[in-house]
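First comes the structure, then the notes that go with it.
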Amino acid sequence: MTIWIAIAVTAVGCYAVKLLGLLVPAGVVERPLVKRMAALLPVALLAALTAQQTFADGSQMVLDAKAAGLAAAAVALLLRAPFLVIIAAAVVVTAGVRAIGG
């Protein structure tokens with residue numbers, strides 16, 4: 001399969017998903033369960049992506065500088081620090097652990 005076929009299939013798939021979303025009746029979208037799921041699903045997907053990118057290396061689980069940076073961000077978040085401070089804490093701790101560990 002060439003790269004252009006993969007791009008075309010992806011584009012058609014994205015268009016089909018978008019079209020299916022527009023075809024859903026408004027009554028279904030207004031249901032409380034659907035609204036709650038729509039609000040919580042992005043948070044769950046982002047948490048899963050963060051965990052996978054932080055703790056996985058191929059098929060193995062690892063604890064490295066990324067985990068320390070995530071822990072620093074979590075502590076800053078618990079202390080109700082501003083967003084940029086949370087990001088800076090994660091970056092500084094990750095860089096420090098990498099510099100110390102080589």
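The values are calculated or read from the model by the stated rules, or taken from the named source; none is laboratory data. Keep in mind that this is a model prediction, so the values were computed, not measured. Cβ atoms come from the backbone with ideal geometry, glycine included; neighbour counts cover every protein chain shown. In case anyone asks, the SASA skips ligands and DNA or RNA and just uses the protein heavy atoms, side chains included. Shrake-Rupley method; radii C 1.70, N 1.55, O 1.52, S 1.80 Å.
Could you list, in sequence order, the residues of segment 36-82 that are surrounded by 11 or more Cβ atoms within 10 Å (Cβ to Cβ), of a type in the set (Val, Ile, Thr) and under 11 Å from the mean Cα position of the chain (by Cα)? Result: THR50, THR54. Per the listing LEU19, LEU23, the residue uniquely over 30 Å from ARG98 (Cβ atoms) and open to solvent by less than 100 Å² (accessible area, probe 1.4 Å) is LEU19.
Conditions (1) in a strand (DSSP E or B); (2) free of Cβ contacts under 8 Å to residues at least 60 places away in the same chain; (3) within 25 Å of GLY96 (Cβ to Cβ); (4) not small (Gly, Ala, Ser), marked per residue:
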position: LEU33; (1), (2), (3), (4): no, yes, no, yes
position: ARG36; (1), (2), (3), (4): no, yes, no, yes
position: ALA39; (1), (2), (3), (4): no, yes, no, no
position: VAL43; (1), (2), (3), (4): no, yes, no, yes
position: ALA51; (1), (2), (3), (4): no, yes, yes, no
position: THR54; (1), (2), (3), (4): no, yes, yes, yes
position: ALA72; (1), (2), (3), (4): no, yes, yes, no
position: LEU77; (1), (2), (3), (4): no, yes, yes, yes
position: ARG80; (1), (2), (3), (4): no, yes, yes, yes
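Of the residues in segment 66-81, none is modelled with pLDDT of 90 or more and touching a strand residue (DSSP E or B) at 6+ places or on another chain (Cβ under 9 Å).
I'd like to know if segment 87-95 contains one or more residues that are without any contact (Cβ under 8 Å) to a residue 60 or more places away in the chain, of a type outside the set (A, V, I, L, M, F, W, C) and part of a helix (DSSP H, G or I). Reasoning before the result, please.
First, the residues of segment 87-95 that are without any contact (Cβ under 8 Å) to a residue 60 or more places away in the chain: 87-95.
Subset that is of a type outside the set (A, V, I, L, M, F, W, C): 94.
If we keep only those that are part of a helix (DSSP H, G or I) as well, we get 94.
Among the residues of segment 87-95, at least one is without any contact (Cβ under 8 Å) to a residue 60 or more places away in the chain, of a type outside the set (A, V, I, L, M, F, W, C) and part of a helix (DSSP H, G or I), which makes the answer yes.
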